[in-house]
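The values are calculated or read from the model by the stated rules, or taken from the named source; none is laboratory data. Just so we're clear, the structure is a prediction, and the values are computed from it rather than from any experiment. Here Cβ is always computed from backbone atoms with ideal geometry, including for glycine, and neighbour counts include all displayed protein chains. Surface areas here come from the heavy atoms of the whole protein model, side chains and all, with no ligands, DNA or RNA. Shrake-Rupley method; radii C 1.70, N 1.55, O 1.52, S 1.80 Å.
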Amino acid sequence: QKTSICYLSFPDSYSGGLGDTQFSFRLRQSGGPRESPFQDDGRYNREAPLALQVSPSALPCAVQVQSVLEIKMSRGSESHMCLLQSLVLVSRLPYVNLFQSLLQLIAPEYFDKLEPCLEAVCNEIDQWPPPVPGQTLNLPVMGVVIQVRIPSRVDKPGSSPVKQFNQENLLPAPLVLPSVHELDLFRCFQPVLIHVQMLWELVLLGEPLVVMAPSPTVSSELVLALTSVLAPLRFCGDFRPYFTIHDSEFKEYTTRTQAPPNILVGVTNPFFIKTLQHWPHIVRVGEPRMAGDLPKQVKVKKPAKLKTLDTKPGIYTSYKTFLHKDKTLIKRLLKGIQRKRPSEVQSALLRRHLLELTQSFIIPLEHYIASLMPLQRAITPWKNPPQIRPFCQEDFLKTLEHAGPQLTCVLKGDWLGLYRRFFKSPNFDGWFRQRHREMSHKLEALHLEAICEADIVAWMKDKSEVEIVDLVLKLREKLVRARCQHVPVQEETLRRVGLYIDTIIGSLPQDLQAVLHHP
């Protein structure tokens, strides 16, 4: 892992620029779970938005690289050498905005003073409070207070996080970050704005996609922006914002003996044009260039044209979109450019459009899966709760005629075909597993509440000792499972079930009581 960090913390192709640059990469977590300062018994993941949950298999990293030109005199001649040094922040939390702001403060001091500066900063960070979703935190570092709000799962999708800050009389005035993680979508998508809907479909379907960019900054920002277009749906595939030829997965991604994995990869080395030619979708972007008021837009091209190292920017794919292009969005963005509308306003417009598109797609699925939940009246205290009915794809597709996306979305196209492809994607699998787990927990909670409302004494009257002991064991198991799996049930309900268990044990003979009290 240390070797991977070393390779990933520098550009792997020469860009010619001097000064400081920032980018992100994602490190695959190897080995078993390790001790970490961030341990919270799972509360954070239960309360955080899906996109900001801690992943057990990956470590998000932020980098700041300094490039300095050093001039040396030797035997009367002048030689120029470009020196690179980088500072890498490794975390379990995907707070790209916060970490890049932090590096902007720390890196210049570190490059100047090295280890003593870093030790002082680490001591300050050690005193920071844990990230609690829904709370606004004031984080002091190097004489500056960074103020951020940690998003919560109960936040309304699309709401502005800036308005949710608690203003405090802090001196010096805090550096307020509008978001810990959201990028400037409009800036990231500038060269591909007219193709955003196609990219949304490719990401939704979990298609293998490569971003070839001139720098790690452009590469990592575009990949991270792509993973965010499905909000509030979680992108469940793997993604590598910046990837080099030295990576341990290089052979896995470049082999032609098997299909490319379902992953978003960002690269900068021109060598990848040859080694990743067989990938079905490649987005090649250059340095941002303007064509009048609009950033120059790349064109969709056939993959066969991706042959040479000087291949022009474009989206190389044979993919045909299921939905018709939304020309209204492009017109609104163009009008915003002509009126010199701020980039953050353009980003908010773009984010709102993508949010509404994803919601229109996912709402029919939410309605259908909710219909698979057993009725509450079917839950009785002394029987196992009924099973959630199986998800039948054909039954769902039949519901679309009267309750499909057309009710909330004006876009026309082959919605049925899009859903059929979606069912084969890792995003559907991740969504279904999450929703099924939540529904199972809800059933467990309802069953525990039904047990609390039941008359235990009346039930025990005609039951044998074996049946009563069996009930005690089952109730204990339910209590342990409810606590371990964090079933959404009130603590009072769990306390009452515990009292019921004590009541039942108290009605049994002394020898059985002794065994059940000390199993």
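Residue check: is R352 over 30 Å from E449 (Cβ atoms), in contact (Cβ under 8 Å) with a residue 12 or more places away in the chain and open to solvent by 20 Å² or more (accessible area, probe 1.4 Å)? Give the steps one after another, and end with the answer.
Numbers: over 30 Å from E449 (Cβ atoms): yes; in contact (Cβ under 8 Å) with a residue 12 or more places away in the chain: yes; open to solvent by 20 Å² or more (accessible area, probe 1.4 Å): yes.
In short, yes.
Has segment 316-336 got at least one residue that is in contact with a Ser or Thr (Cβ under 6 Å, 6 or more places away or on another chain), of a type outside the set (V, I, T), closer than 20 Å to A231 by Cα and surrounded by fewer than 19 Cβ atoms within 10 Å (Cβ to Cβ)? Scanning segment 316-336 turns up no residue that is in contact with a Ser or Thr (Cβ under 6 Å, 6 or more places away or on another chain), of a type outside the set (V, I, T), closer than 20 Å to A231 by Cα and surrounded by fewer than 19 Cβ atoms within 10 Å (Cβ to Cβ).
Answer yes if at least one residue in segment 405-412 is farther than 19 Å from R435 by Cα, touching a strand residue (DSSP E or B) at 6+ places or on another chain (Cβ under 6 Å), open to solvent by less than 50 Å² (accessible area, probe 1.4 Å) and touching a residue at least 40 places away in the same chain (Cβ under 8 Å), and no otherwise.
Residues of segment 405-412 that are farther than 19 Å from R435 by Cα, as a first pass: 405-412.
Of the ones still in play, those that are also touching a strand residue (DSSP E or B) at 6+ places or on another chain (Cβ under 6 Å) are 411.
Add one more test, that the residue is open to solvent by less than 50 Å² (accessible area, probe 1.4 Å), and what stays is 411.
Imposing the further condition that a residue be touching a residue at least 40 places away in the same chain (Cβ under 8 Å) reduces the set to 411.
Taking every residue of segment 405-412 in turn, at least one turns out to be farther than 19 Å from R435 by Cα, touching a strand residue (DSSP E or B) at 6+ places or on another chain (Cβ under 6 Å), open to solvent by less than 50 Å² (accessible area, probe 1.4 Å) and touching a residue at least 40 places away in the same chain (Cβ under 8 Å).
Take segment 430-478 and flag every residue that is open to solvent by 50 Å² or more (accessible area, probe 1.4 Å), within 20 Å of A378 (Cβ to Cβ) and outside any helix (DSSP H, G or I). Passing the criteria: only D455.
The criterion of being of a type in the set (D, E, K, R) and in contact with a helix residue (DSSP H, G or I) (Cβ under 6 Å, 6 or more places away or on another chain) holds for R351.
Condition test on Q387, is it polar (S, T, N, Q), without any contact (Cβ under 8 Å) to a residue 60 or more places away in the chain and either in contact with a Lys or Arg (Cβ under 9 Å, 6 or more places away or on another chain) or assigned by the TED database to the domain that holds M198 (or both)? Give the derivation first.
Details: polar (S, T, N, Q): yes; without any contact (Cβ under 8 Å) to a residue 60 or more places away in the chain: yes; either in contact with a Lys or Arg (Cβ under 9 Å, 6 or more places away or on another chain) or assigned by the TED database to the domain that holds M198 (or both): no.
No: the conditions fail for Q387.
Taking (1) touching a helix residue (DSSP H, G or I) at 6+ places or on another chain (Cβ under 8 Å); (2) assigned to a helix (DSSP H, G or I); (3) at pLDDT below 85 in turn, L309 satisfies each apart from (2).
Evaluating V298 against the criteria (1) crowded, with 20+ Cβ neighbours inside 10 Å; (2) at pLDDT 90 or above; (3) of a type outside the set (S, T, N, Q) leaves one unmet condition, (2).
Within segment 508-516, does at least one residue satisfy the condition of being more than 24 Å from the chain's Cα centre (by Cα), open to solvent by 50 Å² or more (accessible area, probe 1.4 Å) and within 24 Å of A378 (Cβ to Cβ)? No, segment 508-516 contains no residue that is more than 24 Å from the chain's Cα centre (by Cα), open to solvent by 50 Å² or more (accessible area, probe 1.4 Å) and within 24 Å of A378 (Cβ to Cβ). Restricting attention to segment 421-429, does a residue exist that is outside the structural domain of P261 (by the TED database), open to solvent by less than 30 Å² (accessible area, probe 1.4 Å), over 30 Å from L354 (Cβ atoms) and part of a helix (DSSP H, G or I)? No, segment 421-429 contains no residue that is outside the structural domain of P261 (by the TED database), open to solvent by less than 30 Å² (accessible area, probe 1.4 Å), over 30 Å from L354 (Cβ atoms) and part of a helix (DSSP H, G or I). Total residues in segment 105-124 satisfying the condition of being closer than 11 Å to V141 by Cβ and in contact with a strand residue (DSSP E or B) (Cβ under 7 Å, 6 or more places away or on another chain): the figure is 4.
Criterion applied to Q387, Q406, Q393 was being within 20 Å of L479 (Cα to Cα), of a type outside the set (V, I, T) and out of contact with any helix residue (DSSP H, G or I) (no Cβ under 7 Å at 6 or more places or on another chain), and the one residue passing it is Q387.
With the requirement that a residue be in a loop (DSSP other than H, G, I, E, B) and small (G, A, S), what does segment 91-145 give you?
Quick first cut of segment 91-145, residues in a loop (DSSP other than H, G, I, E, B) only: 91-95, 114, 127-135, 142-143.
S91, G134, G143 - these are the residues of segment 91-145 that are in a loop (DSSP other than H, G, I, E, B) and small (G, A, S).
Inspection of segment 383-398 identifies no residue that is in a helix (DSSP H, G or I), open to solvent by less than 70 Å² (accessible area, probe 1.4 Å), at pLDDT 90 or above and within 21 Å of F235 (Cβ to Cβ).
Have a look at K478, K424, K412 and point out the one that is out of contact with any Gly (no Cβ under 7 Å at 6 or more places or on another chain), charged (D, E, K, R) and more than 30 Å from W200 (Cα to Cα). Show your work before the answer.
On the way: K424 fails: more than 30 Å from W200 (Cα to Cα); K412 fails: more than 30 Å from W200 (Cα to Cα).
Residue meeting the stated conditions: K478.
Collect the residues in segment 1-55 that are in a loop (DSSP other than H, G, I, E, B), modelled with pLDDT of 85 or more and open to solvent by 50 Å² or more (accessible area, probe 1.4 Å), keeping them in residue-number order. Within segment 1-55, just F10 meets the criteria.
Could you run through segment 246-289 and say how many residues are among the β-branched types (V, I, T) and either modelled with pLDDT of 90 or more or on the phi > 0 side of the Ramachandran plot (or both)?
In the first step, residues of segment 246-289 are kept if they are among the β-branched types (V, I, T); the result is 254-255, 257, 263, 265, 267-268, 273, 275, 282-283, 285.
Imposing the further condition that a residue be either modelled with pLDDT of 90 or more or on the phi > 0 side of the Ramachandran plot (or both) reduces the set to 263, 265, 267-268, 282-283, 285.
Selection size over segment 246-289: 7.
Filtering segment 184-222 to residues that are open to solvent by less than 20 Å² (accessible area, probe 1.4 Å) and either basic (K, R) or in a loop (DSSP other than H, G, I, E, B) (or both) leaves F189, L205, G206, P208, A213.
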